[in-house]
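The values are calculated or read from the model by the stated rules, or taken from the named source; none is laboratory data. Since we're looking at a predicted model, the values are computed, not measured. Every residue, glycine as well, gets a Cβ built from its backbone with ideal geometry; the counts of neighbours run over all protein chains shown. The protein model used for the area step is the full one, side chains on, heavy atoms only, and it has no ligands, DNA or RNA in it. Shrake-Rupley method; radii C 1.70, N 1.55, O 1.52, S 1.80 Å.
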Amino acid sequence: MDVINWAGNHTITADRLVEARSVEEARAVVASSRHVRALGTRHAFNDLPDTAGTLVSVTGIAADPVLDEDARTVTVGGGTRYGDLAAWLDARGWALHNLGSLPHISVAGATATGTHGSGDANGSLSTAVRGLELVGPGGDLRTIAADDPELAGSVVALGALGVVTRVTLAVEPTFAVRQDSYRDLPWDAFLEDVPAVTGAGYSVSVFTDWAADRIEQVWVKRRVTALLDRGARDPGAADAASEDAPDLLGVRPSGVARPLIVPSDEVNTTVHLTPGPWNARLPHFRFDATPSVGDEIQSEYFVDRADAVPALRAVRALADRIAPVLAITELRTVAADDLWLSMAAGRDSLAIHFTWHRDAAAVAAVLPLVEAALEPFGARPHWGKVHLFDAARLAPLYPRFDDARELLARRDPDGVFRNAATERLLGQL
Ligand SMILES: Cc1cc2nc3c(=O)[nH]c(=O)nc-3n(C[C@H](O)[C@H](O)[C@H](O)COP(=O)(O)OP(=O)(O)OC[C@H]3O[C@@H](n4cnc5c(N)ncnc54)[C@H](O)[C@@H]3O)c2cc1C
């Protein structure tokens with residue numbers, strides 16, 4: 001097949017790709033396939049979505065959002081991109097608690113891998129899931145409600161439970177966000193008080209190349225709810241109401257942000273300084289632009305926030321080895337959750353992310369060093385990014401690993417939704 005992932009570092013090996021136009025069509029495809037998996041918006045950097053049989057995409061099925069203001073939930077088609085859902089919600093006065101760096105990613109695909117934004121108190125995007133509708137083996141349509149004990153094992157399920165057709169997400173009243181950039185924060189000051197930085201706003205991202213003695217920049221996204229009535233969507237009114245941002249460990253905000261990876265990022269990144277709606281500020285990249293150039297590979301590892309300082313020191317000691325392959329690192333925080341296969345399961349986490357240049361061989365050479373440095377901290381790799389872990393290494397890191405394996409084996413006894421990646425990562429089910 002000539003289908004590749006977003007980054008262009010994995011070519012799909014499936015026999016065929018079916019773009020379902022309805023839930024009924026998705027059910028028929030699953031019912032007639034010995035091996036089948038869901039493909040979302042293709043943003044995973046590895047072979048996780050692939051299958052030896054048929055790929056089915058539900059991104060072409062109407063989003064058809066249904067808002068329940070009393071329950072504070074929205075139910076939406078699984079293939080819907082976050083950016084589309086967010087605009088729909090904001091127009092009605094509602095918001096999601098957080099977004100990833102990119103709003104172009106599908107809801108079902110993102111939540112299936114524990115995709116996250118940042119914020120000490122913000123759980124991953126998967127933690128907003130309050131219910132799922134999915135096509136199971138044989139084409140059966142099944143719903144998993146909020147009170148179903150299986151939900152915690154079914155959200156971050158790596159596509160191994162079936163094709164998610166509808167997702168119910170928690171919503172809250174809409175809010176405005178202002179983002180400020182701080183440049184050249186001394187590494188030593190950061191290591192002396194990591195929580196002062198990661199807790200400086202609702203969502204904080206620290207960007208570094210590890211090499212210099214100063215951190216390149218920190219983006220702090222603060223909620224400014226008071227602006228909403230005055231028209232956060234009206235830049236003039238919002239500007240007039242904005243207050244100067246406070247210092248960050250003695251560093252003044254720098255005005256505009258530096259481009260993240262390439263100069264063209266400047267037009268792709270979301271607006272700084274001027275407050276605006278949550279969905280136009282929480283992601284780093286604008287929904288109406290193509291982020292970066294796709295010429296990259298990403299890896300990311302989650303450690304307990306209590307281990308932040310030694311873990312950061314361990315990676316920093318590799319700065320010289322990392323530098324030739326690295327475009328940029330981003331450090332974010334994610335609140336602990338109780339989802340069985342979530343990278344933040346049971347621990348408030350620091351997520352250490354690497355955007356590598358798209359040189360698979362060079363990335364493969366540097367990953368063993370990074371993973372060895374983070375091994376003492378029980379680092380968990382992002383399911384959707386490039387890493388070297390297998391089931392033997394993953395099992396001790398997840399207290400509910402065996403429960404997840406039992407659930408996936410019971411719900412899909414014939415392995416219709418399993419593939420080489422799930423066998424490698426979860427073992428033979
Ligand atoms: C530029 C870029 C920026 C990113 N930023 C972030 C970020 O800020 N935070 C973060 O945590 N991650 C980030 N990621 C990683 C990304 O969020 C995950 O890889 C996510 O899983 C991709 O979702 P997708 O819809 O593209 O799924 P795909 O890549 O198509 O598939 C990923 C997995 O989801 C499953 N899946 C997809 N659709 C369904 C469905 N309908 N039902 C069941 N399973 C399904 C697939 O089977 C597969 O296992 C980024 C990736 C890129 C390329």
- Message: All but one of (1) open to solvent by 30 Å² or more (accessible area, probe 1.4 Å); (2) within 22 Å of G114 (Cα to Cα); (3) touching a strand residue (DSSP E or B) at 6+ places or on another chain (Cβ under 8 Å) hold for V66; state the number of the condition that does not hold.
- Response: (2)
- Return the only residue of L96, L134, L141 being of a type in the set (A, V, I, L, M) and either within 17 Å of T270 (Cβ to Cβ) or assigned by TED's automatic domain parsing to the domain that holds V194 (or both). L96
- Message: Take residues that are modelled with pLDDT of 95 or more and open to solvent by 20 Å² or more (accessible area, probe 1.4 Å) and tell me which of the helices (runs of 4 or more DSSP H) falling wholly in segment 242-358 contain 3 or more.
- Response: 308-316
- Message: Taking the conditions exactly as written (out of contact with any His (no Cβ under 9 Å at 6 or more places or on another chain), farther than 16 Å from S342 by Cα, within 14 Å of the ligand (Cβ to nearest atom) and open to solvent by less than 30 Å² (accessible area, probe 1.4 Å)), does V135 satisfy them or not?
- Response: yes
- Which ones in segment 104-121 are open to solvent by less than 10 Å² (accessible area, probe 1.4 Å) and more than 10 Å from the ligand (Cβ to nearest atom)? G119
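Condition check ((1) within 9 Å of the ligand (Cβ to nearest atom); (2) modelled with pLDDT of 95 or more; (3) polar (S, T, N, Q); (4) on the phi > 0 side of the Ramachandran plot) across all residues:
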{"site": "E19", "(1), (2), (3), (4)": "no, yes, no, no"}
{"site": "V23", "(1), (2), (3), (4)": "no, yes, no, no"}
{"site": "S33", "(1), (2), (3), (4)": "no, yes, yes, no"}
{"site": "P49", "(1), (2), (3), (4)": "yes, yes, no, no"}
{"site": "D84", "(1), (2), (3), (4)": "no, yes, no, no"}
{"site": "R92", "(1), (2), (3), (4)": "no, yes, no, no"}
